[in-house]
Amino acid sequence: MWQKLSFRSKLIIAGIAVQIVSIALLTWNSANLIDSYLRSELQNRAQQDVPLFNAAFAAPMAQRDYATVQAIAREARAKQGVSYIIICDSAGRAVGQDGWPVGAEKPDTTLPQPVRASDGGKRFDFKAPLMMEGQKLGVLHFGLSGALIDEVRGRLLKRTILVGLAGLVGFSLLLALLSHLLTRPLKQLTEASRQLHAGNYDVQLEPRGNDEIGVLTRDFQKLAEEIKRKVSELVESEARQRRFAAELQREHAALEAARAAAEAANQAKTDFLAKMSHEVRTPMHGILGMVDLMMESKLDAQQRQHIEVVQRSGEALLSVVNDVLDFSKMQSGQLELDLVPCSPGEIARDTVNLFAPRAAAKGVDLQVYVAVDVPPRVNSDPVRLRQVFANLISNAVKFTEQGIIYVDLSKASTGHLRFAVRDSGIGIAPEAIQRIFEPFLQADDSTTRRYGGTGLGLAIVNQIVRLMDGELTVESTPGKGSTFCAVFAAPAIEAPAADAVVDMARPSSFNLRVLLAEDNQVNQLLAQTLLTKLGCSTRVANNGVEAVKLFSEGGFDLVLMDCHMPEMDGYGATAAIRALEAKSAHAARIPIVAVTANVMQGERERCIAVGMDDYVAKPFRITDIAAVLKKWGGAKSL
């Protein structure tokens with residue numbers, strides 16, 4: 001309703017409303033002032049009446065002449081404005097009263113004043129002691145009527161309203177005249193703005209006077225002319241923007257196509273690496289596994305030498321595959337750490353022992369020192385630690401023809417661990433030191449031709465050390481040797497109680513019934529042989545369907561599940577087995593361990609998500625299988 005009114009109407013209504021509010025506030029303020037004044041006068045009267053009442057009642061109260069007290073009370077109440085009077089003795093008993101019900105409770109003078117009287121009017125209650133020569137004879141209660149206050153306030157209100165109405169009429173007439181003078185030019189401006197809104201920018205106004213309205217009219221005319229100019233520019237700008245938007249849309253479509261192609265290429269690369277990993281690791285698993293078994297058999301010196309060549313060649317090929325996969329993870333930002341409790345000292349010693357035969361064959365003395373301040377257990381990634389240690393030691397053995405290689409694991413001043421490998425090898429030229437940390441690059445081409453290698457090892461090690469909040473540095477002198485130093489974070493943790501050691505020399509250390517789901521016949525033979533050496537009985541399923549069927553027959557302590565099999569893969573078989581367990585309320589959960597050649601990022605998480613309990617990557621050794629049996633099956637000595 002208010003929005004539909006004209007500006008003139010709104011101005012008049014607002015002015016009248018302000019006038020009414022002003023009159024109301026004035027009336028209210030005046031009434032409060034009079035009320036406050038009259039109350040003060042009433043208080044003064046009460047203070048004047050108390051000595052008079054005390055003089056009148058003191059003598060009869062001292063003589064206990066209560067009849068006289070009652071008579072004086074009637075006379076006192078007859079006084080104008082006295083509502084009631086009560087005289088109590090020192091014990092609080094009413095001995096004389098008038099205007100107050102007999103037996104009723106005495107008025108409470110602690111309540112806010114005034115109070116509502118029985119006749120509907122206002123009353124002010126007072127209380128004072130009756131004293132005579134310093135002795136308290138009793139208590140006087142009396143009330144004064146507030147009728148006078150109400151009467152004066154009413155007269156004032158009537159007069160204020162009459163004066164306010166007269167002022168309101170006069171103000172309204174003046175306001176109507178002023179609003180007419182103000183709104184006439186505003187109507188012209190309103191009509192001009194409507195024409196502008198309708199698209200007619202040829203607006204002509206006639207300013208009158210130099211007051212604010214005249215100035216506003218002239219400014220509006222200038223504004224209309226400026227709008228006309230801006231609209232013309234805007235039309236031209238919109239045409240340019242449409243052309244630009246069309247061009248931008250074409251470029252966006254091209255970029256989207258390029259992005260889709262890049263994502264497809266990246267996914268194709270990931271899929272290729274995953275397939276390559278599986279296809280290479282699967283036969284490598286058979287080769288290295290069988291070589292390990294052959295190494296434990298009776299061989300003459302020449303046969304053992306040949307087998308060792310096959311073993312080293314297989315391990316070298318596996319190292320190249322691992323470097324390529326790690327480099328792919330590093331490029332895509334998927335290289336991560338899996339932090340678990342581990343022993344850095346044991347990892348360092350085991351890694352040195354691994355390369356000791358190779359160093360001894362070259363006549364190089366390989367020594368290791370683990371400082372006493374190195375924590376026995378830390379929270380780190382043992383796989384990546386071993387990879388860092390092995391790469392640095394392997395390079396030292398590779399590039400050292402004679403002399404000594406010194407491996408040192410100690411605690412740095414910062415609290416980090418410090419792993420240093422110092423050799424007496426060929427050394428590195430100063431200008432080549434930074435280049436050796438770049439992927440696919442070595443010190444020079446002759447190094448690659450003479451010693452081999454992909455040039456990825458140090459780049460990957462450098463990235464791993466950075467992930468461990470550390471730094472990899474090198475100091476080298478050509479012809480004298482090099483020192484590679486990795487300083488990295490490895491928080492110490494409390495060492496647990498000593499675990500039982502799995503006796504790898506006793507094939508009968510375990511007595512478990514194992515279900516092996518594996519489609520590759522070579523890997524079946526290898527896994528069965530290793531499990532038999534560890535004292536386990538094995539049933540083989542060639543695919544996921546057979547695995548589920550055999551599992552339903554029961555009698556297994558552990559399941560080793562290949563992830564990639566025909567008919568039904570390991571993920572589907574695991575889900576089906578967990579569904580069978582869920583249907584049987586009393587069936588115990590059987591551990592399922594993934595055995596796969598796919599080591600790409602996210603594979604472990606995918607296995608755990610479908611219901612598997614652990615993950616072992618191919619190729620694995622008998623120690624890896626023994627660790628799985630120990631963790632999930634428990635050691636059962638026969």
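Evaluating 6.51 cos²θ - 1.76 cosθ + 1.60 at θ = phi - 60° for every residue in segment 339-346, the Karplus couplings come out as 7, 9, x, 7, 10, x, x, 5 Hz, glycine and proline recorded as x. What shape does segment 578-627 take by its C-alpha gyration tensor, where a ≥ b ≥ c are the square roots of the eigenvalues and a/c under 1.5 counts as rounded, a/b above b/c as prolate, and the rest as oblate? Taking the square roots of the gyration eigenvalues as a ≥ b ≥ c, segment 578-627 is oblate. Packing, taken as the mean count of other beta carbons within 10 Å per residue, orders the peptides 473-480, 534-541 from highest to lowest as 534-541, 473-480. Residues Thr623, Thr414, sorted by accessible area with the largest first, give Thr414, Thr623 [1.4 Å probe; ligands and nucleic acids excluded].
Counting only protein chain heavy atoms and rolling a 1.4 Å probe, the accessible areas of Asp300, Asp557 rank, largest first, as Asp300, Asp557.
Across segment 547-554, computed HN-Hα scalar couplings (Karplus, 6.51 cos²θ - 1.76 cosθ + 1.60, θ = phi - 60°) run 4, 5, 5, 5, 4, 5, 6, x Hz from first to last residue, x flagging Gly and Pro.
Just subtract the alpha-carbon distance of Met294 and Ala257 from 0.36 nm times their residue separation and send over the number in nm, one decimal. Intermediate values should be presented prior to the final figure.
Details: separation 37, 0.36 × 37 = 13.32 nm, distance 5.45 nm.
Working it through step by step, the gained length comes to 7.9 nm.
If R0 is 35 Å, what FRET efficiency do you get for Ala91 and Ala147 from their C-beta distance, rounded to 0.05? Using R0 = 35 Å, I get an efficiency of 0.55. Close amide-amide hydrogen proximity is noted between Ile405 and Asp365, Leu366, Gln367, each under 5 Å apart and 5 or more residues distant or on a separate chain (H modeled in the peptide plane; Pro and chain starts excluded).
Under a 1.4 Å probe, what is the accessible area of segment 503-596 per residue, stated in Å²?
Working: 4060 Å² over 94 residues.
That works out to 43 Å² per residue.
Residue-wise HN-Hα couplings along segment 563-573, as the Karplus relation 6.51 cos²θ - 1.76 cosθ + 1.60 with θ = phi - 60° gives them from phi, are 7, 10, 9, x, 6, 9, 7, x, 5, x, 5 Hz; Gly and Pro carry x.
Highest average first, the peptides 221-228, 403-410 ordered by how many other beta carbon atoms sit within 10 Å of their residues are 403-410, 221-228.
Here the accessible area of segment 507-638 is 53 percent carbon and sulfur, with a 1.4 angstrom probe and all protein chains present. Close amide-amide hydrogen proximity is noted between Ala490 and Leu417, each under 5 Å apart and 5 or more residues distant or on a separate chain (H modeled in the peptide plane; Pro and chain starts excluded).
Legend: distances between Cα atoms for Lys79/Lys122; Lys79/Lys127; Lys298/Lys398; Lys533/Lys631; Lys549/Lys618; Lys298/Lys618; pairs beyond 19 Å are Lys298/Lys398; Lys549/Lys618; Lys298/Lys618. Sorting Arg621, Arg466 on solvent-accessible area from highest to lowest, probe radius 1.4 Å, gives Arg466, Arg621. With the simple spin-label model, which puts each label point 7 Å out from Cα in the Cβ direction, the Val18 to Arg358 separation comes to 9.6 nm. The order of the peptides 587-597, 349-359, 390-400 by mean Cβ neighbours within 10 Å, most packed first, is 390-400, 587-597, 349-359.
Available extension along the chain between Asp35 and Lys480 is 149.2 nm, counting 0.36 nm per residue and deducting the alpha carbon span. Partner aspartates and glutamates whose Cα lies under 19 Å from the Cα of Lys362, excluding those fewer than 8 positions away in the same chain, are identified as Glu308, Glu315, Glu401, Asp423. Other residues within the sphere of radius under 14 Å centred on the Cβ of Glu546, judged by their own Cβ, net out at -4 (K and R +1, D and E -1). Amide H to amide H, with H built 1.01 Å from N, Leu130 comes under 5 Å of Leu137, Gly138, Val139, Leu140, counting only residues 5 or more places away or on other chains. Here the gap between Ala429 and Glu233, fully extended at 0.36 nm per residue and compared with their Cα-Cα distance, gives a gain of 63.8 nm.
The values are calculated or read from the model by the stated rules, or taken from the named source; none is laboratory data. Note that the structure is a prediction, hence the values are computed from the model and not measured. Cβ: placed from backbone, ideal geometry, glycine included. Neighbour counts: every protein chain shown. With ligands, DNA and RNA removed, areas are computed over all heavy atoms of the protein, side chains included. Shrake-Rupley method; radii C 1.70, N 1.55, O 1.52, S 1.80 Å.
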